[in-house]
Every structure is written in structure tokens, then in C-alpha cells.
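Some notes on the structure that comes next.
The values are calculated or read from the model by the stated rules, or taken from the named source; none is laboratory data. Just so we're clear, the structure is a prediction, and the values are computed from it rather than from any experiment. Heads up, the Cβs are rebuilt from the backbone with ideal geometry, glycines too, and the neighbour counts pull from every protein chain shown. Side chains are part of the model used for accessible areas, which takes the heavy atoms of the whole protein and leaves out ligands, DNA and RNA. Shrake-Rupley method; radii C 1.70, N 1.55, O 1.52, S 1.80 Å.
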Amino acid sequence: MRVIVDTDLEGISGIVCWEQCRDFASAMYQSARGLLMGDVNALVEGLLAAGADDIVVMDGHGGGFNFIPELMHPGARYFTGRGRSPWLAWAELYERADVGILLGYHAMAGTPDAILRHTQSSRGGNRYWYNGRESGELAQDAIIMGSFGIPVIMMSGDSAACREAHAFLGSDITAVEVKKSYGEEFGLLTAPAKAHELIKEGAVHALQNAARCVPYALELPIRGRLRFPDKSTADAYHPSRSTRIDDYTFEATFENARDIYFF
Ligand SMILES: [Zn+2]
């Protein structure tokens with residue numbers, strides 16, 4: 001079984017404050033990188049134990065370089081670095097995968113009780129809809145994987161992210177809750193060492209259950225809508241393929257699900 005893993009930072013065990021995710025020069029961010037590697041390595045161990053024979057882990061947070069090479073488990077390969085080309089240039093990494101996992105994800109912008117909730121822009125408050133349904137990064141990345149025929153079999157994050165995953169991707173996805181959210185930067189955390197056990201067990205269960213999961217697919221063409229929280233941000237946005245419908249909102253039609261990130 002060939003597995004592709006998308007990662008984010010906000011839903012990793014032990015992460016609860018924006019400073020851990022945003023302030024790249026801070027000691028808190030450097031510590032957060034270690035927490036990220038802990039969850040990643042637990043996942044890789046679980047996947048290997050369950051018989052995965054090819055694992056590629058994508059470093060997704062902030063478009064930057066979050067992984068710590070010295071801590072990389074040797075059983076996987078890691079897509080990371082800075083100044084990336086547009087993502088279709090590395091679509092081959094998805095083309096060869098059988099199943100997908102979203103590790104360390106967070107709930108969408110506007111979710112009332114979610115830790116570090118946002119959609120794409122953590123400061124901007126952007127909100128996205130596809131075919132009329134508001135969607136966050138969990139759904140967006142599931143759409144991309146779905147366009148390659150890849151089912152999402154597992155995710156991890158806070159209680160709100162797990163709830164969102166089941167709402168969009170159904171009851172068969174293995175959702176590993178590593179913290180219960182009570183506010184934007186406040187929650188009941190599972191100790192990372194315990195979260196690693198849960199992630200490892202989740203990976204084993206997810207691979208055994210993989211055949212029950214189906215790719216997330218939307219009806220084509222996809223009607224996309226992007227709403228900014230203020231007019232000045234919208235004024236500064238110069239979309240190549242969308243139409244502005246009011247002071248805050250742009251709409252576009254995507255013939256291919258892989259195009260949603262061109263919004
Ligand atoms: Zn992130």
C-alpha cells in the first residue's frame with residue numbers, strides 16, 4: 001500500500017497557540033517542529049507495522065520548512081523545503097499513492113470551539129465555499145486527493161477537526177483526536193507521548209479499514225466562492241480566473257477539482 005500524508009501544524013499534539021505556528025524565529029516554533037516530528041514518526045511507525053510499503057510525507061504548514069531532518073524516521077520520504085513551484089509540478093507524488101492521510105489538521109474559519117481555526121489565511125479570515133458548502137482545509141485537501149482517486153483514510157487534529165472530518169468524509173475515516181478544544185488557543189491536551197500511541201494505533205486501524213473509504217469527489221464543474229473579511233483585502237486580490245460579485249466576494253467555476261487552489 002502506497003501512502004501519501006499531508007501535514008499541517010495547527011492540529012499536531014501539543015500545539016495550542018498561534019505563536020507556536022507563526023513566529024518562525026521563536027523558541028516556541030522550534031519546539032513545535034519537534035512536536036510535529038513526533039506525530040509524523042508515530043504515524044510512520046504505525047503505517048509500517050500495518051504493512052505500508054511506500055510512505056511520502058508532505059510538509060504543508062506555511063509553505064515552508066517545518067520538518068527536522070535529524071528526526072526523520074527512515075521508513076518514509078519527506079517532501080519539504082522552501083520556494084516551492086506550483087503544486088501541479090509535483091502532482092506525480094499523488095499519482096502514485098493508493099491512500100491519503102491528513103495529519104495535524106484544524107477546523108475551518110468560523111468554527112466556534114476550535115483550536116487555531118482558519119482556512120488558508122490564519123490572519124486574514126478568508127472563507128471558501130464549493131458548490132454552496134463552506135469548506136476548510138480538510139475538505140480542500142480531500143478534494144485534491146479525491147481528484148487523483150485517493151481516499152482519505154485517516155486524519156488527526158482537535159475535537160472540532162475530527163467532527164469536521166466525519167461531516168465531510170463520512171464515518172469510515174479514522175479520526176484521531178489529540179486535543180479537545182475549548183477556545184481558539186485553549187484546550188484539554190493529550191500528552192504528545194500518549195497522542196503518539198493513539199496515532200500509531202489509528203494508522204494500523206486506518207490501513208486495515210482502507211477499503212471502506214472512498215475518494216471525496218464533488219460534482220463538476222465546481223462552483224467556488226471566496227469571501228474576504230474586509231474590502232481592502234479583497235481590493236488587493238487580483239484573481240486570474242474569478243469574478244468579483246461584491247465588495248468582499250469572488251466566484252469562479254473550476255472544470256477540474258485540482259484547480260481549486262488557483263482561486
Ligand atoms: Zn498550518
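What ranking, highest mean first, results for peptides 91-104, 121-134 when packing means the other Cβ atoms within 10 Å averaged over each residue?
Ranking, from highest mean packing down: 91-104, 121-134.
Report the one residue of 146, 124, 90 whose Cα lies farthest in the direction of the positive end of the charge dipole of the chain (charges on C-beta: Lys and Arg +1, Asp and Glu -1; origin at the Cα centre).
Checking the options against the dipole of the chain, the answer is 124.
Considering only the chain, what is the antiparallel percent among its DSSP beta bridges, to the nearest 5?
45 percent
At residue 223 and residue 49, where each label point lies 7 Å from the Cα along Cα→Cβ, what is the point-to-point distance in nanometres?
The answer from the label model is 4.7 nm.
With springs connecting C-alpha atoms under 10 Å apart, model the chain as a Gaussian network and identify which of 36, 116, 218 has the largest mean-square fluctuation.
218
Starting from the alpha-carbon convex hull of the stretch 102-220, give the projected area averaged over all orientations, in nm².
Approximately 7.4 nm², given one-decimal rounding.
Sequence-distant or interchain residues sharing an amide H contact under 5 Å with residue 216, placed H: which?
146, 152
How high is the relative contact order of the chain, in percent, with contacts defined as C-alpha pairs under 8 Å that are six or more residues apart?
21 percent
Let me know the whole percent of all Cα-Cα pairs from the chain that are separated by more than 22 Å.
54 percent
What's the tally of Lys pairs in the stretch 156-263 whose alpha-carbon atoms lie under 20 angstrom apart, where the two lysines are 8 or more places apart or on different chains?
4
Under 14 Å from the Cβ of residue 220, count the other residues' Cβ atoms, weight Lys and Arg +1, Asp and Glu -1, and hand me the total.
The answer is -1.
What FRET efficiency comes out for the pair residue 133/residue 70, r = Cβ-Cβ distance, R0 = 35 Å, nearest 0.05?
Between residue 133 and residue 70 the formula returns 0.25.
Leaving out ligands, DNA and RNA, what percent of the accessible area of the chain is carbon and sulfur, probe 1.4 Å?
Here carbon and sulfur together make up 51 percent of the probe-accessible area.
Kindly write out, for the stretch 184-201 in residue order, the coupling ³J(HN,Hα) from the Karplus curve 6.51 cos²θ - 1.76 cosθ + 1.60 (θ = phi - 60°), rounded to whole Hz, with x marking Gly and Pro.
Taking θ as phi minus 60°, the curve returns 5, 10, 8, x, 9, 8, 7, 4, x, 4, 6, 4, 4, 4, 5, 5, 4, 5 Hz for the stretch 184-201.
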